[in-house]
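Heads up, the thing below is written out as structure tokens.
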Amino acid sequence: MNLFGDRARFALGYQLIPDPDQACQPLRRVSWGKLQIWVAGRNLTEGISSNQDVVNCAEVPLAPIVAWIAEKWDPMLHESRLPRQSKSPDAASWCFDCFVSLPDDDSKLDQLLDARAGWRARHAMGYSLPDFRLPDLHLRRVNSGIELSWNDREWRSVANSINLQEPSGSAILPATEVAQVLFDWAISLSRELQSIPESADFAHEMNRLLQGHRTAPSALKRLQWAAGQHLDQAARDARRLVGLANDDIEETVQALLGISEPDSAALITPLTIPAMLFRSASPELTSPDLWNLSKAINQLPSNTNIPLRDYQQASPPSMSPETVYKDGYAKAVAFRESLGMEPGLPLTGDLDLESKLLPELGVVVRDFTLEDKEIDGLAMFAPGKSPLAGVNLTGKYSSTRWGRRMTLAHELCHLLYDLSDGQSVGIVSNPWAPELLEKRANAFAAMLLMPRLALEVSLPANSRQWTPEDLHGAMRFLGVGRTALMNHLHNLGFISHSERDAWLDSI
């Protein structure tokens with residue numbers, strides 16, 4: 001077995017073997033082989049046969065997998081936004097969760113099916129072998145990493161009598177590491193196939209495509225996949241908005257994506273702040289909103305003395321929706337401790353979040369007026385620039401006094417922990433933003449503003465003795481609204497689900 005990568009992290013292996021039934025077309029017949037897929041020490045291709053024998057690899061034609069890697073390289077490793085808004089923690093889960101609630105309208109159902117098929121064609125390895133069974137590994141970009149997720153609910157490539165031992169899971173690894181494993185595996189196999197007459201022409205073409213991804217990548221093409229394929233039309237609309245003709249649309253898109261230097265040779269293209277912002281915003285982004293976000297990027301004030309830098313750390317989120325909340329809570333507690341804050345004090349008065357803490361960290365707060373009311377805030381940071389926490393004055397929650405504080409605390413989490421390529425941050429907080437990042441930032445904001453000891457200080461110990469006045473007093477003490485307070489009390493175990501709903505109604 002030719003193995004590439006680290007089995008404890010990510011590895012692919014192959015070994016060419018004779019086709020057992022000689023029934024495939026020539027290219028598939030000569031590329032028949034054993035395949036191993038390893039993620040985080042788990043062999044996704046391991047299974048148990050009907051005879052209770054252990055099988056440690058899949059046996060499939062390998063040429064279609066090489067072709068899929070070579071042809072889908074740019075979207076597979078740079079696109080992250082799912083075709084539909086989703087609460088699914090990873091791409092493999094979404095491909096099945098999207099069927100839980102189907103639209104009644106046939107045309108909308110067709111659109112969903114087409115969107116799903118298009119996504120799987122670009123991101124799901126099993127799509128390369130539709131007539132075989134294979135552990136369906138999905139790959140997509142998550143900031144500076146690649147999310148690897150898989151699910152056995154739609155197997156491809158192992159025989160029907162095989163039960164996979166790793167039915168589902170996910171992990172996030174550095175993008176450069178994953179790309180190198182894919183490249184080395186595909187290059188090695190294509191070179192081996194070049195020595196076989198039936199596959200020589202195919203292997204030569206695959207080698208050419210693969211080398212092109214390393215030596216002459218298109219940053220514009222890759223960043224458009226990252227930002228969303230709607231960007232061309234949005235740029236045309238924005239040009240019309242300011243009275244420009246539609247000529248040189250590519251130059252406008254390049255400017256919007258922040259491409260100012262010649263492409264560098266690399267398997268992976270770092271994401272610019274605009275690409276990250278447009279990726280996390282709605283794909284139906286309006287021309288005025290596109291223009292406002294673009295201006296915000298260009299107006300980041302220069303600054304090299306940023307206290308926030310002492311507390312920043314790139315920290316990919318946990319892949320579990322349950323533990324990602326705990327991660328957000330733990331980070332908020334640790335951040336407060338690193339600042340020397342008393343655990344029972346709220347961020348009000350002399351410790352006020354917006355007027356005291358954020359300025360001391362060097363974070364600039366800026367208000368925006370956007371048409372998309374689903375956007376509450378945004379976070380931007382680039383080396384040499386001041387970090388920015390933006391608040392949308394028309395946002396669903398941020399337009400209220402207390403919602404604004406939660407929004408700023410939420411954006412602070414992004415600025416602290418969600419650094420991507422080049423130590424940059426670019427996130428628009430709305431339903432299209434990466435789900436796990438948003439969940440963690442919500443938890444961080446809640447614990448930052450409402451640490452457990454502050455809750456205990458502001459409320460009677462026995463929740464059955466609480467009165468509406470007690471809860472209103474706690475809201476004033478902590479500087480939060482009723483929804484944030486009640487959800488946080490429920491998440492921390494102070495009250496039950498039914499008690500939370502009852503209090504939300506009564507106050």
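Every read-out reported here was derived from the displayed coordinates using simple, explicitly stated rules and does not represent laboratory data. Quick caveat, the model's predicted, so the values are computed rather than measured. Cβ placement follows ideal geometry from the backbone for every residue including glycine, while neighbour counts extend to all protein chains displayed.
Distance between the C-alpha centres of region 75-128 and region 316-389: 32 Å, rounded to the whole angstrom.
Peptide packing for 267-276, 106-115 was compared via the average number of neighbouring C-beta atoms within 10 Å per residue; ordered from the highest value, the list is 267-276, 106-115. Shape annotation for region 403-448: C-alpha extents along the principal axes are 30, 21, 16 Å, from largest to smallest. Taking 0.36 nm per residue of separation and subtracting the Cα-Cα distance, full extension of the segment from Ala266 to Asn298 would add 8.9 nm. Size of region 393-476: Rg and Dmax of its alpha carbons, in Å, are 15.7, 52.
Between Gln465 and Glu322, the C-beta separation translates, for a Förster distance of 30 Å, into a calculated FRET efficiency of about 0.45. Over all projection directions, the Cα-based convex hull of the chain averages an area of 27.6 nm². With all pairs of separate Cα atoms included, region 453-506 yields a Kirkwood hydrodynamic radius of 11.0 Å.
In this calculation the C-beta distance from Ser195 to Lys221 is compared with R0 = 35 Å, giving a FRET efficiency of 0.60. Using all pairs of distinct alpha-carbon atoms, the Kirkwood hydrodynamic radius of region 1-107 works out to 16.8 angstrom. Charges at C-beta only: +1 for Lys and Arg, -1 for Asp and Glu. How large is the resulting dipole of the chain about its Cα centre, in Debye rounded to 20? So the magnitude is around 640 debye.
Averaging 1/r over every pair of different alpha carbons in region 300-449 and inverting the result gives a Kirkwood radius of 15.3 Å.
When each of the peptides 436-443, 183-190, 253-260 is scored by the mean number of other C-beta atoms lying within 10 Å of its residues, the order from highest to lowest reads 436-443, 183-190, 253-260. Measuring nothing but alpha carbons in region 2-215 and taking Rh as the Kirkwood radius, the Rg to Rh ratio lands at 0.97. The modelled label-to-label distance for the pair Asn2/Asp21, using points 7 Å beyond Cα in the direction of Cβ, is 2.7 nm.
A convex hull fitted around the alpha carbon atoms of region 235-310 yields 147 Å³ per residue.
Within region 177-329, the proportion of C-alpha pairs whose separation exceeds 27 Å stands at 48%. Listed peptides 223-230, 379-386, 162-169 appear in the order 223-230, 379-386, 162-169 once ranked by packing, highest mean of other Cβ atoms within 10 Å at the front.
Distance from the alpha carbon centroid of region 418-483 to that of region 183-238 works out to 44 angstrom.
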